[in-house]
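K.L.:
Once you've had a glance at the structure underneath, I'll fire off some questions.
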Amino acid sequence: MEFAVEVEILARVRHKNLLSLRGYCAEGQERLIVYDYMPNLSLLSHLHGQHSAECLLDWKRRMTIAIGSAEGIAFGILLLELATGKKPLEKLSATVKRTITDWALPLACERKFSELADPKLNGKYNEEELKRVVFVSLVCAQNQPERRPTMLDAIELLKGESKERLSELENDELFKAPPAVDYNDGSFVAEDSSEFISEDRGEGREPGSDREVREIVNENTHDS
């Protein structure tokens, strides 16, 4: 049933930077989904997979993807992945996991943006753009929907079109004092990412949400 719901959601997705679902198979124990062939592979493979070490995604390409992929599905998490090169969920131990937002928010509050940048970029990024990406990503991923910006506002902020809006964003309450996080009880998963980050079992998320984001067509990378 969960697979059928996920297929239905994926079939409805329409975005110029997201692959459309071509078909699926649900026979016996097989569960497969079919997309067009990606000659440049997926964003996932370039950030975390077989091509991540090559760092074909320079900062300019990452900003192009960030602005071009704006939609409501886990957009804040995607921005953080592009900026930091980290996975959405990090295992600290066999029983403790930390979300990318829990790692990034304290550093953003302390304005330690160089520690947030993907090391594979080797310092080759625009500092002001990185700061904007980090701030926008975290306000988009916060757990209070009414405080998240609209996609149009997010794009305007990413492009740096309004200095006044950027100043308001930088002084947002979210970035004044990071919440205390206790990872010692062995079961913590942060609330502020519960709508975006799932456990391995797929609980606590909207079916298809992370997969939709990860199937973004990377038109800006070199041909494989």
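Every number here is computed from the coordinates shown, using simple stated rules; none is lab data. Since the model is a prediction, treat every value here as computed from it, not as a measurement. We place every Cβ from the backbone using ideal geometry, glycine too, and count neighbours over all the protein chains shown.
K.L.:
Using Cβ counts within 10 Å as a stand-in for footprinting exposure, how do V133, V7, V34 rank, fewest first? Before the final figure, lay out the partial values.
P.N.:
Working: V133 27, V7 18, V34 10.
Lowest count first: V34, V7, V133.
K.L.:
Let me ask something else about it. Taking the convex hull of the alpha carbon atoms in segment 34-135, what volume per residue do you get, in Å³?
P.N.:
On the way: hull volume 13.8 nm³, N = 102.
Hull volume normalised by residue count: 135 Å³.
K.L.:
Something else: How large is ³J(HN,Hα), in whole Hz, for each residue of segment 145-153 in order, when computed from phi with the Karplus curve 6.51 cos²θ - 1.76 cosθ + 1.60 and θ = phi - 60°, using x for Gly and Pro?
P.N.:
x, 5, 9, 7, x, 6, 5, 5, 5
K.L.:
What are the ³J(HN,Hα) couplings of segment 102-113, residue after residue, when phi is run through the Karplus curve with 6.51, -1.76, 1.60 and θ = phi - 60°? Round to Hz, x for glycine and proline.
P.N.:
5, 6, 7, 4, x, 5, 5, 4, 8, 6, 9, 6
K.L.:
Efficiency by 1/(1 + (r/R0)^6): what FRET value for A4 and T64, r their Cβ-Cβ distance, R0 = 35 Å, to the nearest 0.05? Don't jump to the answer; show the numbers that get you there.
P.N.:
Numbers: r = 35 Å, r/R0 = 1.00.
FRET efficiency, A4 to T64: 0.50.
K.L.:
Right, something else. When we measure straight from the Cα of K176, which lysines land under 16 angstrom away, once same-chain ones fewer than 8 places off are left out?
P.N.:
K112, K131
K.L.:
Stretch N126-K176 to full length: gain in nm at 0.36 nm per residue minus the Cα-Cα span?
P.N.:
Values: separation 50, 0.36 × 50 = 18.00 nm, distance 2.35 nm.
Additional length available on full extension: 15.7 nm.
K.L.:
Something else now. Spelling out what I want: for every residue of segment 114-130, take phi, set θ = phi - 60°, compute 6.51 cos²θ - 1.76 cosθ + 1.60 (Karplus), and round to whole Hz; glycine and proline get x.
P.N.:
5, 7, 8, 5, 4, x, 5, 6, 6, x, 8, 7, 8, 4, 5, 5, 4
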